[in-house]
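Any read-out appearing in this document is the output of simple, stated calculations on the displayed coordinates, not a laboratory observation. The model shown is predicted, which means the values in this text are computed figures rather than measured ones. We place every Cβ from the backbone using ideal geometry, glycine too, and count neighbours over all the protein chains shown.
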Amino acid sequence: MNDQVVAGSSYSPSVSYAADRPSRSSSSTSSTRLSIQRRSLWQVLFGGDDRASGQKRRAVPSARLLPRQRRRRISTSGASRKSKRACKAPTSASAPASSSSSSASASASASTSTSSASASPTNSANGNRTSTGKTMAGYWADWTASTLPASSIDFTKFDIVNYAFALPTANFDLSLPTDPSGNTLRSFVKAVHAGNSKAVLSLGGWGGSTYFSPAVRTNASRSTFISNIVKTYNTYGLDGIDLDWEYPGQQGQGNQLDPSDTANFQSFLVELRAALPQGALITAAVAFTPWVASNGQPVSSVARAAGVMDYIMIMNYDVWGSSSNPGPNAPLANLCGNSTQPDANAAAGVKAWSAAGMPRDKILLGIPAYGYINKSTKRTLQARSVTLTSGDGSSTSGQINFSSLVKQGALFLGSDGLFDGAGGFTKYWDDCSDTPYLSDGKTVVTYDDTSSIFDKGAFASAAGIGGISMWSLDGDTKEWVLTNSAIAGMSSTGTIQS
């Protein structure tokens with residue numbers, strides 16, 4: 001999850017400067033539910049009248065904790081290390097596709113496609129932890145163990161937790177560079193299992209995908225790589241393997257490339273399924289468009305992979321990084337039809353993967369628990385009184401966790417259960433991406449909050465996809481307000497009303 005700024009890119013209008021303020025709905029009969037007057041074009045995704053109708057979106061206050069429900073486990077038959085190996089999605093500039101705002105709307109409103117029979121029985125909503133009928137997953141980064149021990153995760157909220165990362169090596173084995181003894185991974189698996197959730201080991205990541213291409217290139221290399229993956233799976237008592245190759249046939253950070261990467265990867269997935277124990281999860285973190293084929297375009301079919309995988313997770317974040325012309329980190333859709341990256345948003349990603357043959361119930365939407373600091377003087381609002389510091393120590397650029405925005409005083413939780421700007425920052429709403437941002441006149445922070453995450457959860461429900469996965473858990477607050485909002489959104493039906 002590093003900077004994703006594309007040279008010459010812009011998002012117009014990415015900053016509309018119209019303050020976003022909640023108001024109580026006079027029609028609401030529940031004191032625990034609020035209605036926000038939303039000027040965004042959220043309704044475009046699901047039909048109905050637009051802003052002219054005076055419609056309001058129902059929202060669940062982030063302060064309200066969802067009921068804690070313990071269910072059976074799903075049946076089985078940077079400058080910091082963070083910035084070096086985090087999940088990161090490429091922009092559409094590197095993988096052209098043909099999405100538009102109208103097609104994104106069609107994608108969101110389309111009915112759930114019928115899933116092909118899975119080789120693994122784990123892809124099922126029957127054992128869902130949150131009573132949403134959807135999967136809630138998240139990534140736990142091993143470098144956050146001192147601040148967020150795995151044992152402190154509220155596993156009642158998560159079906160799957162991914163350990164990030166193990167790295168493929170030059171001899172097609174796996175290494176744990178920040179955990180050479182393996183003790184952190186062992187403690188992680190123990191905590192996840194004690195919490196009655198699934199422990200999945202994620203391989204690769206941004207800057208950690210160097211050797212994926214040679215590892216899957218030949219029959220011999222695939223055999224060696226798979227043998228070592230299975231050995232690791234058994235050694236640590238894992239429940240699944242997540243492939244975070246960034247990216248097959250496409251440049252990431254230091255990854256080797258081969259024209260046959262995608263074809264080889266699909267062969268690898270089929271062979272990995274045959275080698276892993278029955279019921280083991282196989283998942284992958286992916287870009288907005290399907291893996292790149294030998295012709296440089298997104299492959300037209302992922303059917304071979306879809307037949308053996310449990311989920312893919314579309315990395316819907318890092319669309320724009322830090323810049324003086326800020327854009328949204330995680331757009332819901334190209335709602336205004338004017339983005340210079342129209343294929344880099346949740347709705348377009350679901351449409352593209354579904355069209356390539358990935359069943360919608362095997363698609364998870366990746367959501368960020370962080371945003372970006374942008375040095376920008378687009379408009380002066382008021383004097384600055386809080387200095388924000390990103391994960392790499394900068395006050396002018398870089399990533400910043402949602403929880404850090406709260407701790408550093410740029411956001412506060414109001415009595416209405418919603419987060420508003422503080423410390424000289426005013427909160428605004430970007431209609432075109434359905435995401436918030438903060439500005440103090442000198443700095444713009446693009447991020448996601450409880451309202452935009454709720455909308456993404458509601459999108460997951462309405463679009464018929466498998467659920468949500470968050471990068472990464474340390475970015476949420478101790479009260480899990482972003483996770484709660486995602487779960488609440490996935491639980492919602494008929495969320496738009498007049």
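Using the count of nearby Cβ atoms within 10 Å as a rough guide to exposure, how do Thr289, Thr232 rank from fewest to most? Don't jump to the answer; show the numbers that get you there.
Working: Thr289 29, Thr232 19.
Sorted ascending by nearby Cβ count, the order is Thr232, Thr289.
Among rounded, prolate and oblate, which fits the range 145-259 when a ≥ b ≥ c are the square roots of the eigenvalues of its C-alpha gyration tensor, a/c under 1.5 means rounded, and a/b larger than b/c means prolate? Taking the square roots of the gyration eigenvalues as a ≥ b ≥ c, the range 145-259 is prolate.
Using a Förster distance of 51 angstrom, determine the FRET efficiency expected from the C-beta separation of Thr169 and Ser415, and round it to 0.05.
Values: r = 53 Å, r/R0 = 1.04.
The pair Thr169/Ser415 has a calculated efficiency of 0.45.
Partners of Lys407 within straight-line reach, counting aspartates and glutamates whose Cα lies under 14 Å from its Cα and excluding those fewer than 8 residues away in the same chain: Asp420, Asp474, Asp476, Glu479. Full extension of the chain segment joining Gln297 with Gln278 gains 3.4 nm, where the gain is 0.36 nm per residue of separation less the Cα-Cα distance. Of all aspartates and glutamates in the structure, those lying under 13 Å Cα to Cα from Lys190, and not within fewer than 8 positions of it along the same chain, are Asp239.
Within 10 Å, count the other beta carbons around each residue, average over each peptide in 330-338, 355-363, and list them highest first. Walk me through the numbers on the way to the answer.
Numbers: 330-338: 24.0, 355-363: 21.6.
So the peptides 330-338, 355-363, ranked by packing, come out 330-338, 355-363.
Spin-label pair Ala220-Ser131: with each label point 7 Å from Cα along the Cα-Cβ axis, the two points sit 5.7 nm from one another. Assign one of three labels to the range 127-210, namely rounded, prolate or oblate, based on the Cα gyration tensor with a ≥ b ≥ c the square roots of its eigenvalues; rounded applies when a/c is under 1.5, prolate when it is not and a/b is larger than b/c, and oblate otherwise. Judged from the Cα gyration tensor, the range 127-210 comes out prolate (a/c at least 1.5, a/b above b/c). Label sites at Thr147 and Lys375, each approximated as a point 7 angstrom past Cα along Cα to Cβ, lie 2.3 nm apart. Across the range 147-277, C-alpha contacts under 8 Å between residues 6 or more apart give a mean separation that, scaled by the residue count, equals a relative contact order of 27 percent.
Just subtract the alpha-carbon distance of Ala194 and Lys442 from 0.36 nm times their residue separation and send over the number in nm, one decimal. Could you put the intermediate results ahead of the total?
Numbers: separation 248, 0.36 × 248 = 89.28 nm, distance 4.67 nm.
Gain in length upon complete extension: 84.6 nm.
Pairs exceeding 20 Å between alpha-carbon atoms, taken from Lys157/Lys231; Lys198/Lys231; Lys134/Lys231; Lys375/Lys427: Lys157/Lys231; Lys134/Lys231. Between Ser187 and Ser260, the distance separating the two model label sites (each 7 Å from Cα on the Cα→Cβ line) works out to 4.4 nm. Bridging of Lys478 to aspartates and glutamates at a Cα separation below 17 Å is possible for Asp154, Asp448, Asp449, once same-chain residues fewer than 8 apart are set aside.
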